[in-house]
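Have a look at the structure below before the remarks.
The values are calculated or read from the model by the stated rules, or taken from the named source; none is laboratory data. Bear in mind the structure is a predicted one, so any value in this text is a computation, not a measurement. For neighbour counting, all protein chains shown are included, and Cβ atoms are generated from backbone atoms with ideal geometry for every residue, glycine included.
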Amino acid sequence: MFHAARLAGLGQRRLAGGCRAARCPILCYLIAMVSVVLPHHSYEVTVESGALSGLGEQVAGRASAARCVLVTDANVAGLHGEAANASLQSAGFEVLEVVLAAGEANKNLDTVRSVYDQLLDARLERRSPVVALGGGVTGDTAGFVAATYLRGVPFVQVPTTLLAMVDSSVGGKVGVNVPQGKNLIGAFHQPVAVVADPLTLKTLPLREMRCGLAECVKHAVLRDPTLFDFIEANADAILAISPGVIAELVERNVAIKAAVVIEDEREAGVRAHLNLGHTYGHAIEATTGYGLIQHGEGVALGLIAAATTAAQAGICDAAVAVRIRALIDRLGLPVSADLADDATLATAMQLDKKVMDSKIRLVLPTKMGAVTIRDDIPVSQINAGWRAIRK
Ligand code: NAD
Ligand code: GLY
């Protein structure tokens, strides 16, 4: 593993969003730090191949406690749990490992309750950090426990899916699902650190990898045309998890997410831009039965639909939708699906929790790298979006 100290003098680069990255002389991407600077709480996101072996040092540097909790899921425990646990122990922590059943169905209050019980039985104290090792389900659940146990304990995110690295681990949204809907019970609880090791993606199933890529394309469309170019140019290397390219992909996406969160921590404004493609995507997921089309696949379809609606509404060039569709196809994500009829999809859109005053608020691209929020789009133009992705 390459440590930051060994990189001194190899050249640093700064990007928007408070990002520093270092490259070795042969231009291999080694380590990047993205700062999330917030009024009451700032932290660093470390993106480094091999970072898992330095996790203990990172946690020890931010939480002074004898014990910590490592929360992971049953899949990740067998793949990366030992490395994380060993690193925490070698930094001096006594580790309480909590293994959750894997999958979205377990992101609920029963799981939270069972974690509380384990922490209470172990008499975990207020300074002991909760370390979440896994995808967004683990991060959201463990983060909600960390936000509420003893009125809040330090929390470290160690994302192991692409989606969690580029999206859910940054920004402090934590919570669980209830029968009435997804993510309806939650809190804002910013982590004290995020440690992303792109090498952990080597074990991620390809379908999950692709779902994370949908969020990367979303970030590019809403903020960064050069990121879109980068994904287009490196699609094969990205799908092959080529270490340097993946590390750069993660760092650039984290920088975008961080910049949005810095601007609008509590989603009073621009953070809503991150819902690009999601209002369509949620309606697709809800009407096809949760699980059949995965969230990232719904987002991919939603990006095409949103760009098509934007073109129909005359706020974006039609070429943008064509380019988005081609990239999504190239990444192996779906570009069409068996969809319900327009009226059923419209009802599902109305149930989206981002609806305000009964108006559907759509995030729509205005050009590659920029979006706007509109609540006045006629149904016929929304339906043009559905037509573009209906099989
Ligand atoms: P996930 O956590 O269920 O992970 C997907 C699957 O991959 C699981 O089966 C998991 O066990 C497995 N896995 C994880 N890492 C692995 C690895 N390295 N190797 C092999 N298998 C691995 O799902 P996700 O896609 O990471 O996250 C989705 C969740 O994130 C949803 O609940 C969503 O609501 C939430 N989310 C939250 C935010 C936020 O801001 N908090 C943002 C976006 C999404
Ligand atoms: N994933 C949306 C957000 O963090 O706001």
**Prompt:** List the pairs whose first member sits in the range 326-340 and is over 18 Å from residue 229 (Cα atoms), whose second member is assigned to a helix (DSSP H, G or I) and small (Gly, Ala, Ser), and whose Cβ atoms are under 7 Å apart, counting only residues at least 6 apart or on separate chains?
**Reply:** 334/300
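With the requirement that a residue be crowded, with 16+ Cβ neighbours inside 10 Å and at pLDDT 95 or above, what does the range 343-365 give you? Quick ask: steps written out before the conclusion?
Start the filter on the range 343-365 by keeping residues that are crowded, with 16+ Cβ neighbours inside 10 Å, which leaves 345-346, 348-349, 352, 354, 360-365.
Answer for the range 343-365, where residues must be crowded, with 16+ Cβ neighbours inside 10 Å and at pLDDT 95 or above: 345, 362, 363, 364, 365.
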**Asked** Take the residues of the range 279-306 that are of a type in the set (Gly, Ala, Ser) and within 15 Å of ligand 1 (Cβ to nearest atom): which is surrounded by the most Cβ atoms within 10 Å (Cβ to Cβ)?
**Response** 300
**Prompt:** Would you pick out the residues in the range 127-155 that are of a type in the set (S, T, N, Q) and either without any contact (Cβ under 8 Å) to a residue 12 or more places away in the chain or in contact with a helix residue (DSSP H, G or I) (Cβ under 6 Å, 6 or more places away or on another chain) (or both)?
**Reply:** 141
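So, of the residues in the range 80-117 that are of a type in the set (Asp, Glu) and within 16 Å of ligand 1 (Cβ to nearest atom), which turns out to be nearest to residue 62 (Cα to Cα)?
Among residues in the range 80-117 that are of a type in the set (Asp, Glu) and within 16 Å of ligand 1 (Cβ to nearest atom), the one nearest to residue 62 (Cα to Cα) is 97.
Residue 70 - would you say it is in contact with an Asp or Glu (Cβ under 8 Å, 6 or more places away or on another chain) and not in a helix (DSSP H, G or I)?
Numbers: in contact with an Asp or Glu (Cβ under 8 Å, 6 or more places away or on another chain): yes; not in a helix (DSSP H, G or I): yes.
Answer is yes for this residue.
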**Asked** Any residue in the range 98-120 that is of a type in the set (A, V, I, L, M), farther than 26 Å from residue 162 by Cα and without any contact (Cβ under 8 Å) to a residue 40 or more places away in the chain?
**Response** yes
**Message:** Based on this model, can you work out whether residue 342 counts as acidic (Asp, Glu), under 24 Å from residue 180 (Cα atoms) and away from ligand 2 (no atom under 16 Å from the Cβ)?
**Reply:** yes
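Listed residues 249, 213; which is within 16 Å of ligand 2 (Cβ to nearest atom), out of contact with any Pro (no Cβ under 7 Å at 6 or more places or on another chain) and touching a residue at least 24 places away in the same chain (Cβ under 8 Å)?
Details: 249 fails: within 16 Å of ligand 2 (Cβ to nearest atom).
Going through 249, 213 in turn, the sole match is 213.
Here are 107, 173: which of them is within 25 Å of residue 41 (Cβ to Cβ), in contact with a helix residue (DSSP H, G or I) (Cβ under 6 Å, 6 or more places away or on another chain) and not hydroxyl-bearing (Ser, Thr, Tyr)? Write out each step before concluding.
Working: 173 fails: in contact with a helix residue (DSSP H, G or I) (Cβ under 6 Å, 6 or more places away or on another chain).
Of 107, 173, the one residue that is within 25 Å of residue 41 (Cβ to Cβ), in contact with a helix residue (DSSP H, G or I) (Cβ under 6 Å, 6 or more places away or on another chain) and not hydroxyl-bearing (Ser, Thr, Tyr) is 107.
Return the only residue of 146, 86 being within 23 Å of residue 266 (Cα to Cα), in a helix (DSSP H, G or I) and more than 16 Å from ligand 2 (Cβ to nearest atom). Write out each step before concluding.
Working: 86 fails: within 23 Å of residue 266 (Cα to Cα).
So the residue among 146, 86 that is within 23 Å of residue 266 (Cα to Cα), in a helix (DSSP H, G or I) and more than 16 Å from ligand 2 (Cβ to nearest atom) is 146.
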**Message:** Show the residue pairs meeting these rules: Cβ distance below 6 Å; 6+ apart or different chains; first residue within the range 170-199 and in contact (Cβ under 8 Å) with a residue 60 or more places away in the chain and under 21 Å from residue 33 (Cβ atoms); second residue of a type in the set (Gly, Ala, Ser) and near ligand 1 (Cβ under 9 Å from one of its atoms).
**Reply:** 190/172; 194/169
**Request:** Give just the number: which of (1) modelled with pLDDT under 95; (2) touching a helix residue (DSSP H, G or I) at 6+ places or on another chain (Cβ under 9 Å) does residue 41 not satisfy?
**Result:** (2)
